[in-house]
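Note sheet for the following structure.
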Amino acid sequence: MTAALPPGSTLGVLGGGQLGRMLAQAAARLGFDTVILDPQPNSPAGRVAREQIVAAYDDADALDRLGALADAVTFEFENVPAASVERLTRAGARVAPGPRALAVAQDRLEEKTFLNGVGATTVAFAAVEDRVSLDEAIARLGLPAVLKTRREGYDGKGQVWIREPADAETALGAMAGRAAILEARADFTRELSIICARSWSGEIAVYPLGQNVHANGVLATTVAPAEIDAATEARARKIATAILDGLDYVGVMGVELFQLSDGTLLVNEIAPRVHNTGHWTQDGCLCDQFEQHVRAVMGWPLGPTEARAKVEMTNLLGPAVQDWATLAADPGVRLHLYGKGEARPGRKMGHLNRIID
């Protein structure tokens with residue numbers, strides 16, 4: 001399972017969005033072919049891969065075909081059914097990250113329980129099943145607090161703030177009967193993230209931290225390397241290492257952090273995949289996060305993670321991508337477009353990296 005796969009091998013990817021697209025592009029640079037499984041025909045990733053299997057992620061025949069075509073399989077987003085990954089693993093496919101990492105990241109309660117168990121501190125939290133448990137959680141955690149669905153939800157979706165007791169019933173209704181978790185408010189001074197990777201042999205590589213700004217629950221910009229002291233960098237690396245080793249992880253992971261006024265770092269959440277806050281590495285590092293993930297999954301040595309430049313990454317959401325001609329003419333900008341069609345408001349259509357130092 002840990003042997004390095006030679007060029008000419010095939011990487012299977014569950015998911016055909018922009019992350020799958022950039023994984024396929026990175027794999028091609030290393031001499032690998034890519035097969036995408038995605039239910040949407042003509043997906044962004046499928047158009048740059050050797051082949052796309054058009055089927056649902058839980059389609060047994062499609063999974064078996066992917067397992068037969070691919071020498072190793074990964075995924076581009078964490079809401080792939082865990083049963084699909086388990087099926088591929090049982091059939092003998094080399095799958096990374098593994099089912100354990102996927103299961104932990106898919107459930108916010110499991111995620112926070114795991115994180116605290118390996119010494120990666122989070123905000124206080126409590127499981128919520130009904131109004132009684134919600135009232136008990138509010139009494140223990142205080143307000144304001146945020147109620148989130150335990151499963152799914154991203155970019156600010158599936159969560160509602162409770163600022164006073166009168167908000168509780170409406171917030172619970174917004175969960176639509178789904179299991180939820182109440183999280184205490186984090187009084188943070190800034191949001192950071194760390195992109196890290198682990199190989200089959202346990203080798204770990206960590207990129208410099210990035211500082212993030214969100215707008216309406218969606219990442220707007222990342223600046224990396226962030227302006228931080230050596231002690232903060234060391235704490236973040238220790239947290240990343242504990243998480244990777246605790247999951248016996250293989251591949252790239254994004255770890256989102258809150259930094260408090262006293263310097264404490266709290267883990268907000270983890271993403272068992274390449275991550276939006278790591279896009280800066282495409283133009284700031286010799287080995288970007290996408291190549292790093294391919295290297296890890298395919299059993300190659302991990303690449304260097306030192307920053308060659310300071311980069312500001314900006315997401316292009318919806319109509320912002322229509323300025324592509326102006327952006328392409330800017331000598332200080334490297335433009336990365338995802339090949340998507342309709343530029344709906346809030347939809348991630350691409351990103352740009354600007355060297356700022």
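Each value in this text was obtained by applying a stated rule to the coordinates, not by laboratory testing. This structure is a prediction, so every number in the text was calculated from the model and none was measured. Glycine also receives a Cβ, built like all others from the backbone with ideal geometry; neighbour counts cover every protein chain displayed.
Note down the Stokes-Einstein diffusion coefficient of the stretch 292-339 in µm²/s, whole number, using a Kirkwood radius over alpha carbon pairs, 37 °C, and 0.692 mPa s.
Values: Rh = 13.7 Å.
After rounding, the answer is 240 µm²/s.
Could you compute the FRET efficiency for Asp130 and Ala309, with r as their C-beta to C-beta distance and R0 at 45 Å, rounded to 0.05?
Numbers: r = 52 Å, r/R0 = 1.15.
The calculated FRET efficiency here is 0.30.
May I have the pair-distance distribution P(r) for the stretch 188-355, computed from all Cα-Cα distances with 10 Å bins from 0 and rounded to whole percent?
11, 38, 35, 15, 2
Rounded to whole Å and ordered largest first, report the semi-axes of the equivalent ellipsoid of the chain derived from its Cα gyration tensor (root of 5λ).
The answer is 31, 24, 21 Å, longest axis first.
Thr89 to Ala174: extension gain in nm, 0.36 nm per residue of separation minus the Cα-Cα distance?
27.0 nm
Give, in nm to one decimal, the length gained when the segment between Asp229 and Arg190 is fully stretched (0.36 nm per residue of separation minus the Cα-Cα distance).
Taking Asp229 through Arg190 to full extension adds about 12.6 nm, to one decimal.
Stretched out fully, how many nm does the piece from Val213 to Ala325 gain, at 0.36 nm a residue minus the Cα gap?
That pair, Val213 and Ala325, stretches by 37.8 nm at full extension.
Report Rg (one decimal) and Dmax (nearest whole number) for the stretch 10-95, counting Cα atoms only, units Å.
Both quantities, over Cα of the stretch 10-95: 11.3, 31 Å.
Can you compute the modelled spin-label distance between Arg140 and Val54, with each label point 7 Å from Cα toward Cβ, in nm?
Spacing of the two 7 Å Cα→Cβ label points: 4.9 nm.
Applying 1/(1 + (r/R0)^6) with R0 = 45 Å to the Cβ-Cβ distance of Glu164 and Arg29, what FRET efficiency is obtained, to the nearest 0.05? Write down the numbers at each step before the final one.
Values: r = 53 Å, r/R0 = 1.18.
Efficiency for this residue pair is about 0.25.
Can you tell me, using C-alpha contacts under 8 Å and at least 6 residues apart, the relative contact order of the stretch 215-303 as a whole percent?
On the way: 81 pairs, mean separation 21.3, N = 89.
Once normalised by length, the contact order is 24 percent.
Using a 7 Å offset from Cα along Cα-Cβ at Asp248, what residues in the stretch 1-23 end up with backbone N under 16 Å from the label point?
Residues 1-3 qualify, since their backbone N sits under 16 Å from the label point.
For the stretch 36-165, what are the per-bin percents of Cα-Cα distances with bins 10 Å wide, up to the bin holding the maximum?
All Cα pairs considered, the percentages come to 11, 32, 27, 18, 11, 1.
Grab the DSSP H runs of the chain that are 4 residues or longer, score each as -39,500 (n - 2.57), total them, divide by all residues and round the 222 nm result to the nearest 500 deg cm²/dmol.
It lands at -8000 deg cm²/dmol.
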